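Asker: The structure follows.
Quick note: the coordinates plus some simple rules give every number you see, no bench work behind them. A quick note: this is a predicted structure, and the numbers were derived from the prediction, not measured. When we count neighbours, we look across all protein chains shown, and the Cβ atoms used for this are built from the backbone with ideal geometry, even at glycine.
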Amino acid sequence: MSALAAQTRLEVALTLRRGESVLLTLGIPVALLVFLTLVDVLPLPPGVDDPVDFLFPGVLALAVLSAAMVGPAIAVGFEREYGVLRRLAVTPLGRSRLLAAKLASVLAVEVAQVVVLTVAAYALGWRATGDAALALGAVVLATVAFFGAGMLLGGTMPGLTTLAAANGLYVVLLLVSGMIFPLEELPGLLREVARLLPSGALTELLQGALRDGADAPARAWAVLAVWAVAAPLAATRLFRWR
């Protein structure tokens, strides 16, 4: 087994062993999808009759956010503080393969998220009517953007500060990115700011890709592409291994 494959396998195993990571990446998204679909408490955008049709794309975006940014940021923050990253970086594995293994583990977790959430959505009455290829492209771009942001957080701040910042961002982005509340329900300025965030752009794209006839503006693709370039570049320049 190659060093990259072995490290990827280890990263996935560590993620699954951390109860908080499983709760963040699978427990909370599934719970939100089921609860908010069955309990009629949220406003729905025009043209949507079934809550699961609106909620599934948004919860999928939330799952990508948690797997690609929040979890890795917290893990890297503590690994860096405890000296784990510095030691691994000087092994034959090297820095580039270490980060590649972390990204590969994120992708593996996302595959599990998509499967679990799709099964749950189907059980709740959702049916595929959109373009899966467009959804996949949006998820890939968002994963790169979120992973870069996560490495920027974890690579520049102490562990406890990263924990607080990542969880705080998780809650804020959940509320303002159109994941559970339609963007149309937000105040004008906040709505426009949300559309410039990678989480808001991803949600718009998934809504367009997974809902038949929904609008997926080209602006959202541009916003997500900019973040997918800018966040990793910022992390590359500012990341500290100790």
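Asker: Treat every Asp and Glu Cβ in the chain as -1 and every Lys and Arg Cβ as +1, leave all other atoms uncharged, and give the resulting dipole magnitude about the Cα centre to the nearest 20 debye.
Answerer: I would put it at about 1480 debye.
Asker: With a Förster radius of 30 Å, plug the Cβ-Cβ distance of Leu38 and Ala6 into 1/(1 + (r/R0)^6) and report the FRET value to the nearest 0.05.
Answerer: 0.10
Asker: Just want the answer: with Cβ charges of +1 for Lys and Arg and -1 for Asp and Glu, which residue in Pro217, Pro45, Ala166 is farthest toward the dipole's positive end in the chain?
Answerer: Ala166
Asker: Which one, Tyr82, Ala67, Leu55, is farthest towards the positive end of the dipole of the range 3-238 when Lys and Arg carry +1 and Asp and Glu -1 on their Cβ?
Answerer: Sorting the options by dipole projection puts first Tyr82.
Asker: Which angle between 0 and 90 degrees, to the nearest 10, do you get for helix 51-65 versus the longest principal axis of the chain when only C-alpha atoms count?
Answerer: Taking the Cα atoms of the chain, the angle to 51-65 is about 10 degrees.
Asker: From the residues Thr15, Leu36, Val226, which one has its Cα farthest along the dipole of the range 3-238 in the positive direction, the dipole being from +1 and -1 charges on Cβ of Lys/Arg and Asp/Glu about the Cα centre?
Answerer: Ranked along the dipole, the leading option is Thr15.
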